[in-house]
Amino acid sequence: MKAVSIISLVLALLPPSYGAEEPLSFPEAMMTIPERTNYDRTSTFAEVVAVVDALGQSSDLIHRETLLLTEDGKDVPLLVLARPPIVTPAQARASGKPVIYIQGNIHGGEVEGKEASLIAMRDILFGDKQHLLNDQILVFAPIYNADGNDNMSSTSRPSQEMSPLLAGERLAHGYDLNRDGMAVETPETRALYLNVIQRWDPALLVDLHTTNGTWHGYSLTYAPSYHTAGDGATSAYTADVMLPAIAASVKEKFDLNFGWYGSFDYRDWPPTELRTYHHAPRYLTNNMGLRNRMAILAETFAHDRFYKRVHAANVFVEEILEYTNLHGREIQRINAAADARTVSRSSQSTAAIENGIQFEMVALDEPLELLSYKYIPYTTATGDTEFARSSEIVTIPGVHNYNRFETTKWATVPIAYVFPAELSEVAETLTEHGIDVTILEQDTRFEGEVFGITGIETQAFVQNLHRNTLLQGQYRPASQQFNAGDYHVALDNRLANLIFYLLEAQSDDGLAYWNFFDSYLQSQLAQNPGDAAAMDFPVFKVLPFVASQN
Ligand SMILES: [Zn+2]
């Protein structure tokens with residue numbers, strides 16, 4: 001009798017989702033390396049592929065494609081999960097279901113998203129998450145920076161607690177893949193744009209990271225795509241509707257605190273500001289905003305133990321997919337409406353419209369309650385103030401939430417850009433973004449504006465092997481002859497906001513900033529030594545409503 005009562009007591013205490021059912025059981029080959037090693041190790045590329053293979057051998061709902069062949073020769077998998085199975089984008093479009101794209105490990109040392117994606121795929125194919133294929137198509141790239149992942153060392157994530165000793169390096173062959181969204185200089189970004197964005201047209205991109213330091217009190221922090229010069233609706237929905245709903249459901253189901261990505265200065269204790277990262281579309285999540293698609297940046301908390309970080313990433317992925325499974329059609333409608341607005345706005349030719357090219361971070365009207373580890377100020381023997389971090393997590397009210405961007409510089413949106421044939425590298429990069437670039441068949445005169453350069457500055461610091469270029473000057477009305485063979489890029493399409501941001505002379509993340517015009521401008525300067533003011537930016541803006549004055 002006693003034994004029976006203990007069993008009923010135990011059953012009564014079990015979480016309701018498990019009830020008295022048999023626990024889920026998987027073959028060992030489907031278990032990730034951290035799960036098999038008591039979280040001592042993270043997976044190598046080969047070990048990720050072995051798990052993917054094990055999943056594929058037992059299910060026909062998973063279709064493997066090649067994301068890319070890396071410089072080190074790795075065939076990086078892209079996994080399409082669907083029920084019924086989907087192997088072509090045409091089948092995906094015909095199904096009407098939204099495609100949701102999840103990528104892990106873009107920074108090779110930030111391994112949690114990689115492991116969490118493998119666990120999510122296993123749960124969806126064989127576990128308790130099979131309903132997540134009811135009304136969506138899922139595309140996973142668990143190991144985006146495969147070369148960086150396998151370049152493991154004990155020093156790549158030195159500040160993380162209880163981590164695997166060995167983790168990959170952040171970069172891929174010297175490049176930060178999450179700063180390459182505009183210049184497209186790496187095989188990974190080229191592959192993402194061609195084999196995921198253009199091929200599968202995901203309605204939502206999720207990019208999984210792990211932070212580098214701030215001792216906030218959240219298991220995971222997130223950010224929407226900061227839309228910069230894009231249509232605001234996709235970002236607003238992600239930030240105001242989707243992410244708060246997901247955070248609430250994570251709190252309810254798992255008692256985990258997820259919150260806004262950001263950092264603060266503990267030396268200004270208690271913090272009054274939480275500041276997010278950056279609006280620039282060199283970050284892939286922000287790039288999606290210029291394409292009228294949604295995106296989420298996720299950062300697990302570096303100071304949680306490894307198994308907790310993997311759990312937080314896995315919970316986030318699965319709760320995002322719970323949300324998109326129910327609200328995917330709504331997401332598709334919002335994206336499509338943003339497409340339609342972008343096309344109609346950029347096709348009009350009766351009046352000048354302006355869009356932002358430079359931005360600053362501003363606070364939301366509503367302050368937030370910040371969860372953070374508490375810092376205790378103390379005075380050293382020399383009289384300085386230092387701060388000790390305590391183990392207590394506190395709630396700090398009234399913190400200004402710097403989580404939005406406002407335009408500080410505007411430019412007129414043209415109906416097309418035209419530039420000379422010698423700038424073929426510019427044309428190639430636009431094409432890699434998925435933008436239609438046409439070649440003029442005959443000599444043509446265009447009316448519009450040209451940007452007269454009065455100064456060229458070079459940024460002091462190096463990023464992604466570049467010292468970026470900043471142009472000074474102003475537009476003036478002009479009429480300019482172009483020749484057969486020169487390039488023409490029309491804005492009467494849904495990528496107009498991206499085209500504008502790439503080609504504007506003073507865009508803070510455009511191709512001019514990424515040095516694409518430096519050698520052209522240098523050769524111009526060689527013809528007029530010392531006189532930058534004699535130069536025009538070579539990309540002409542076609543504006544039919546501008547009355548030319550020359
Ligand atoms: Zn990262």
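The values are calculated or read from the model by the stated rules, or taken from the named source; none is laboratory data. These numbers were taken from a predicted model, which means no experiment stands behind them. Using ideal geometry, Cβ is built from the backbone for each residue, glycine included, and neighbour counts are taken over all protein chains shown.
Per-structure values
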item	result
Output for segment 346-383, where each listed residue is of a type in the set (G, A, S) and either surrounded by 13 or more Cβ atoms within 10 Å (Cβ to Cβ) or touching a residue at least 24 places away in the same chain (Cβ under 8 Å) (or both)	S346, S347, S349, A351, A352, G356, A363, S372
Among (1) more than 30 Å from A92 (Cβ to Cβ); (2) of a type outside the set (A, V, I, L, M); (3) within 16 Å of the ligand (Cβ to nearest atom); (4) not in a strand (DSSP E or B) - the single one Y307 does not satisfy	(3)
Qualifying residues in segment 400-429 (those that are touching a Pro at 6+ places or on another chain (Cβ under 8 Å) and in a strand (DSSP E or B)) - the one surrounded by the most Cβ atoms within 10 Å (Cβ to Cβ)	F419
Subset of segment 66-94 [surrounded by fewer than 21 Cβ atoms within 10 Å (Cβ to Cβ), among the aliphatic types (A, V, I, L, M) and within 27 Å of K129 (Cβ to Cβ)]	A82, V87, A90, A94
Residue in segment 245-256 that is out of contact with any helix residue (DSSP H, G or I) (no Cβ under 6 Å at 6 or more places or on another chain) and of a type in the set (V, I, T) present	no
Single match in S263, S249, S225 (criterion: touching a residue at least 40 places away in the same chain (Cβ under 8 Å), under 25 Å from D365 (Cα atoms) and buried (at least 22 other Cβ atoms within 10 Å of the Cβ))	S225
Helices (runs of 4 or more DSSP H) within segment 21-120 that include 1 or more residues under 25 Å from the mean Cα position of the chain (by Cα)	45-57, 89-95
Criterion violated by L220 - all others in (1) within 16 Å of the ligand (Cβ to nearest atom); (2) closer than 29 Å to I357 by Cα; (3) buried (at least 20 other Cβ atoms within 10 Å of the Cβ) satisfied	(2)
Selected residue [surrounded by fewer than 24 Cβ atoms within 10 Å (Cβ to Cβ) and either modelled with pLDDT of 95 or more or within 16 Å of the chain's Cα centre (by Cα) (or both)] from D304, D268, D240	D240
Test for V315: is it surrounded by fewer than 24 Cβ atoms within 10 Å (Cβ to Cβ), assigned to a helix (DSSP H, G or I) and in contact with a helix residue (DSSP H, G or I) (Cβ under 6 Å, 6 or more places away or on another chain)	yes
Those residues of segment 494-525 which are small (G, A, S) and part of a helix (DSSP H, G or I), in sequence order	A496, S519, S523
Residue match in segment 183-194 (condition: in the same structural domain as R64 (by TED's automatic domain parsing), buried (at least 23 other Cβ atoms within 10 Å of the Cβ), more than 29 Å from R329 (Cα to Cα) and within 16 Å of the ligand (Cβ to nearest atom))	yes
Subset of segment 141-180 [within 13 Å of the ligand (Cβ to nearest atom), part of a helix (DSSP H, G or I) and either free of Cβ contacts under 8 Å to residues at least 40 places away in the same chain or within 21 Å of Y307 (Cα to Cα) (or both)]	N149
